[in-house]
Amino acid sequence: MFLNYLRPESTSATVVYRLRNGVEFEMPKGRISVALLSEIVLENNYCPIPWFSPQPGWTVADLGAHVGVWSLYVASQSQDIKIHAFEPSSFSRSLLTKNVHRNKFKNVLIHANAVADFDGNQAFLEEGSTWGYRLNGSGGNMNQSRYSVDAVSLKTLLSRTGPLDLAKMDIEGMELAALMASSPETLQMVSRIAMEYHAVEHQTAAEVGSCISAKLLGAGFRTLIDQQRHYLFAWRDP
């Protein structure tokens, strides 16, 4: 399953790519978009372990959905997988919405929220129609536009989604704060977590990965860390 370049869209900032299974993505131009498609579709970075592969009947959440590559790829595998896609960036969410409609998926629900350590408005930094965005509290030195977004804690998120069979997380440096603020009772509502973790102020990526692993081990998960690529996988035995 490889990628076919289709055409520029009406805006010069985006192009459309099509997977061989027919799923199409409108994405920002550039090598980063192709790299993301490769990481998620070809390398399967978030589901490399057999029991992480979403199955019919599962409910999953895409935290930091961006334009929907992981959400739509999972949705294409079965209409009986329910996907909650959380994306605070107005630019990325507009493409996410277009991509869901483009592919006529009915099993993807879009939430206009950031995921953080508490509920409420938070400053959000965004660098135009590129990949540079994050909650203000997670650091960053980019010359971005700033606006307010509605953030939710994992506890509130799970009150909306219900129990999750899998949570995929790529929330640009907020993963440590969001998980550390979550009680064991909250985390017990999630069976599996596949995440990319990031360095934050005063902590290296390795230190962040270790802290997250310790938190999840204390909540009854098993963990596996890919220290080279900064991925962490956690699961609870049935």
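Of the residues in region 100-129, how many are modelled with pLDDT under 90 and over 22 Å from Met27 (Cβ atoms)?
3
Applying the selection to region 218-238, what residues are out of contact with any Lys or Arg (no Cβ under 6 Å at 6 or more places or on another chain) and assigned to a loop (DSSP other than H, G, I, E, B)?
Ala219, Gln227, Gln228, Arg229, His230, Arg236, Asp237, Pro238
A quick yes/no check of all residues on (1) more than 17 Å from the chain's Cα centre (by Cα); (2) outside any loop (DSSP other than H, G, I, E, B):
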position: Ile171; (1), (2): no, no
position: Leu176; (1), (2): no, yes
position: Cys211; (1), (2): yes, yes
position: Leu216; (1), (2): yes, yes
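Might you check whether a residue that is touching a helix residue (DSSP H, G or I) at 6+ places or on another chain (Cβ under 9 Å), in a loop (DSSP other than H, G, I, E, B), over 16 Å from Thr59 (Cα atoms) and at pLDDT below 95 occurs anywhere in region 146-158?
No; the residues of region 146-158 include none that is touching a helix residue (DSSP H, G or I) at 6+ places or on another chain (Cβ under 9 Å), in a loop (DSSP other than H, G, I, E, B), over 16 Å from Thr59 (Cα atoms) and at pLDDT below 95.
Let me spell it out: the conditions are (1) at pLDDT 90 or above; (2) in a strand (DSSP E or B), and Ser78 meets all of them except one. Which number is the exception?
(2)
Just to be sure I understand, how many residues within region 19-37 are surrounded by fewer than 19 Cβ atoms within 10 Å (Cβ to Cβ) and modelled with pLDDT of 90 or more?
2
Conditions tested, residue by residue: (1) over 18 Å from Ala65 (Cβ atoms); (2) buried (at least 21 other Cβ atoms within 10 Å of the Cβ).
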position	(1), (2)
Met169	no, yes
Ala177	yes, no
Ser182	yes, yes
Tyr197	no, yes
His202	yes, no
Ala205	yes, no
Ser210	yes, no
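Since Leu224 meets every condition but one in (1) in contact (Cβ under 8 Å) with a residue 24 or more places away in the chain; (2) aliphatic (A, V, I, L, M); (3) out of contact with any Leu (no Cβ under 9 Å at 6 or more places or on another chain); (4) over 23 Å from Ala151 (Cα atoms), which condition does it not meet?
(3)
The values are calculated or read from the model by the stated rules, or taken from the named source; none is laboratory data. Keep in mind it's a predicted model, so treat the numbers as computed, not measured. Counting neighbours? That spans all protein chains shown, and the Cβs are built from the backbone with ideal geometry, glycine included.
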